[in-house]
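Written below as structure tokens is the structure these notes are about.
The values are calculated or read from the model by the stated rules, or taken from the named source; none is laboratory data. Just so it is clear, the structure is predicted and the values come from calculations on it, not from any experiment. Positions of Cβ are backbone-derived with ideal geometry, glycine not excepted, and every protein chain shown enters the neighbour counts.
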Amino acid sequence: MHTIIHPNTAKSRSRSPRNPRPSEFRQPNYDCREQPDAVKLTLYTPGVNPASIEIEATGPDIIVTARKPHVVRVNWQSLHLEHAQRDYRLRLRLGTGLDYAALHAEFHAGVLTLTLPKRRPAATAARMLHVA
């Protein structure tokens, strides 16, 4: 069978480096649902220990980092598993209408569930205080 190899032309050349370094993290699959009083965020992070999960809220963003245990085997050989063994990091902009200090997290069988309650508007809270 004959193979035709086309020479690289100026149009087909990439401006990125030839061997781009893979990112240290990969984005996990996730589901974000809005409820009447909260936002529920579900992240699928198989192979992660609960002790290695870090949740950080900076302004309107939430950053979840979940690290996998990296075991070096005695008979280790490179099988291009570097991409599958990368840690997870998810950065989402959820806004300032959530109470990040009251975040509730649950982890079971590789599924991390975060519940972020919504903040009550100041006007509604003030009316409730005056009524009582």
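Mind listing just one residue for me: the one in the stretch 101-117 that is part of a strand (DSSP E or B) and touching a Leu at 6+ places or on another chain (Cβ under 6 Å) and, of those, nearest to P36 (Cα to Cα)?
The first filter runs over the stretch 101-117 and keeps only residues part of a strand (DSSP E or B), leaving 104-108, 111-117.
Next, from what is left, pick out any that are touching a Leu at 6+ places or on another chain (Cβ under 6 Å): 105, 112, 114, 116.
Details: A105: 18, L112: 21, L114: 15, L116: 11 Å.
Filtering the stretch 101-117 for residues that are part of a strand (DSSP E or B) and touching a Leu at 6+ places or on another chain (Cβ under 6 Å), the one nearest to P36 (Cα to Cα) comes out as L116.
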Tell me, yes or no, whether the stretch 61-84 has at least one residue that is under 18 Å from the mean Cα position of the chain (by Cα), modelled with pLDDT under 75 and surrounded by 10 or more Cβ atoms within 10 Å (Cβ to Cβ). yes
Is at least one residue of the stretch 37-56 touching a Leu at 6+ places or on another chain (Cβ under 8 Å), at pLDDT 70 or above and among the acidic types (D, E)? no
Filter the stretch 29-67 for residues that are under 14 Å from L98 (Cα atoms) and touching a residue at least 60 places away in the same chain (Cβ under 8 Å) and give the result. C32, D37, A38, V39, K40, L41
